[in-house]
1. Over the chain, what is the relative contact order in whole percent, taking alpha-carbon pairs under 8 Å and six or more residues apart?
2. What residues from the range 185-223 fall in the zone where the backbone N is under 16 Å from a label point 7 Å along the Cα-to-C-beta line of V256?
3. Measure off, as a whole percent, the carbon and sulfur share of the 1.4 Å-probe accessible area of the range 1-112, all protein chains present.
4. Quick one: which of 140-148, 323-331 comes out on top by average Cβ neighbours within 10 Å, and what's the full order, highest first?
5. At what distance in nm do the modelled label points of K151 and Q392 sit from each other, each positioned 7 Å from its Cα along Cα→Cβ?
6. Which lysines have a Cα lying under 16 Å from the Cα of K188, excluding residues fewer than 8 positions away in the same chain?
7. By a straight-distance test (C-alpha under 17 Å), which aspartates and glutamates pair with K292 as possible cross-link partners, with residues fewer than eight away in the same chain excluded?
8. Quick check for me: using +1 on Lys/Arg Cβ and -1 on Asp/Glu Cβ, what's the dipole size of the chain about its Cα centre, in debye to the nearest 20?
Amino acid sequence: MNHISGNNRNQIRMLSLEQMVEPASMVRIIDAFVDMLDLEKFDFNYFKLNKEGRPPYHPATMMKLYLYGYQNSLRTCRKLEKACTTNIEVMWLINEQRPHFKTIANFRKDNPKAFKGVFRYFVAILKDWKLIDGKTIAIDSFKIRAQNSLKNNFNQRKVKRHIDYIDNKIAEYEQALDEEFDEGTKEKLEHNHQKKENYKKIQKKLKQSGDGQISITDPDSRAVVFQRNSVRVGYNVQAVSDSKNKLLIAADTGDVNDTKALAVMVNKAQENIGDVENVLADKGYHSGRELKACEKLDVTTFISPKESSSIKKNPDFAMESFKYNKQEDTYTCPADELMQTNGKWYNKTLKNGRKSYQVKHYKTKACNGCHLRAQCTTNKHGRLIERTEYQQYVTRNNDRVNQNPDYYRQRQQIIEHQFGTLKRHWHFDYTLTKGKEKVLGEVYLIFTGYNLRRLISIFGFEALMSKMKAH
Ligand code: SF4
């Protein structure tokens with residue numbers, strides 16, 4: 001018996017590219033999808049031709065190349081350039097055109113707005129096809145690394161540490177020069193003075209920015225906490241998915257944490273699909289201000305409640321053990337005493353000194369002789385309950401989640417699995433562009449690719465192809 005052997009390399013074939021591409025290949029869907037778009041609408045660079053100069057590649061060619069690349073872990077311009085000469089599907093897709101890697105890179109860099117336009121248009125088509133209904137949407141985020149190393153991200157503490165180290169070095173070199181002149185030491189001294197000057201400039205920029213940190217290579221990127229508490233410089237990508245078919249309907253790259261993202265993302269979803277009824281999100285999104293904003297947007301929230309800070313310190317006498325009496329605007333404490341307010345609103349300030357929200361105070365004189373006092377509070381003036389201006393929105397949201405645990409549990413099924421595909425399968429765990437807008441352009445590109453792939457699972461290849469051709 002022999003081993004399995006291949007064909008003779010010198011065999012000449014009469015084959016077209018069309019025959020070499022599988023009939024039900026994803027590449028055919030990408031081709032049909034881009035052909036279905038009216039690219040003139042999206043303001044792609046080089047769509048309109050100049051009278052003179054070298055003819056550019058058609059945006060459809062580049063769009064097809066990128067959609068294919070992002071679905072096949074071929075994201076860098078050099079990998080894509082190579083694929084144009086080695087990958088039969090790519091050769092079929094873009095008719096054996098061979099754009100230079102710089103042309104490929106520039107297309108991604110120059111067209112973030114157009115990618116957003118394509119994504120939004122695609123979402124509108126999905127809505128028309130009744131694949132999105134807006135009854136339940138879920139929001140979550142994932143982190144990607146930026147084109148900025150941790151070494152090039154600074155906060156005041158880090159800059160001070162560098163300056164202190166340089167100051168020590170300078171003192172050492174100066175002392176050495178006092179003892180004996182040496183050209184090498186003098187050069188080192190000058191080099192350290194220059195380094196110190198650079199750090200001083202960074203320090204000044206940091207102060208002017210009013211932000212706690214500054215990134216040098218990509219100024220929009222931020223130090224973010226990744227898995228297992230490792231800190232990297234990156235972006236926090238927000239994503240919204242509709243529950244009907246788990247299609248992605250909105251994206252953003254905003255703050256490093258999710259606390260301020262809820263209403264923004266609900267609003268973006270509304271812009272893209274129209275009416276939204278309910279929104280699900282984890283406790284990272286739980287914030288009184290955001291819950292109020294969502295009520296204003298006419299959306300019912302189901303955001304996992306955050307436990308009050310007192311529950312860890314003193315579980316039996318936590319805020320949750322005090323019952324609010326809406327009619328009288330009072331609280332009943334665990335000793336059945338009535339806690340009253342003077343009706344005044346107090347500004348609650350955060351650690352950084354900025355006003356954050358207002359609170360009302362509730363107290364009772366009964367604390368003085370209360371047998372539970374030692375367990376309830378260490379405050380010498382007795383127990384103080386603070387009710388925020390957003391408490392009513394928080395209570396309504398928390399009640400809804402607690403009364404509908406099965407409904408809330410759908411959140412993970414609606415949003416999280418997409419991140420697995422994007423990050424693990426398509427390796428979208430770092431961005432290749434710099435600046436928030438361009439990074440977001442990349443996100444829209446890969447989200448478009450994701451929805452396209454998802455459509456095959458929903459319709460099947462043949463039905464999807466006919467639908468796109470009919471469109
Ligand atoms: S200490 Fe005051 S607030 Fe606490 S249980 Fe006693 S009376 Fe109520």
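The values are calculated or read from the model by the stated rules, or taken from the named source; none is laboratory data. Being a predicted model, the structure only gives us computed values, none of them experimental. Reconstructed Cβ throughout: ideal geometry from the backbone, glycine too, with neighbour counts over all protein chains shown. All accessible areas refer to the heavy atoms of the entire protein, side chains included, with ligands and DNA or RNA removed. Shrake-Rupley method; radii C 1.70, N 1.55, O 1.52, S 1.80 Å.
1. On the way: 680 pairs, mean separation 90.8, N = 471.
Once normalised by length, the contact order is 19 percent.
2. Counting only backbone N, you get 206-207, 209-223.
3. Reported share for carbon and sulfur atoms: 48 percent.
4. On the way: 140-148: 21.9, 323-331: 12.7.
Going from most to least packed, we get 140-148, 323-331.
5. Roughly 5.6 nm, to one decimal.
6. Within the straight-line cut-off, K188 pairs with K169, K196.
7. Straight-line reach from K292, under 17 Å: D258, E277, D282, E389, D399.
8. On the way: 80 positive and 57 negative charges, 120 e Å.
The dipole magnitude comes to about 580 debye.
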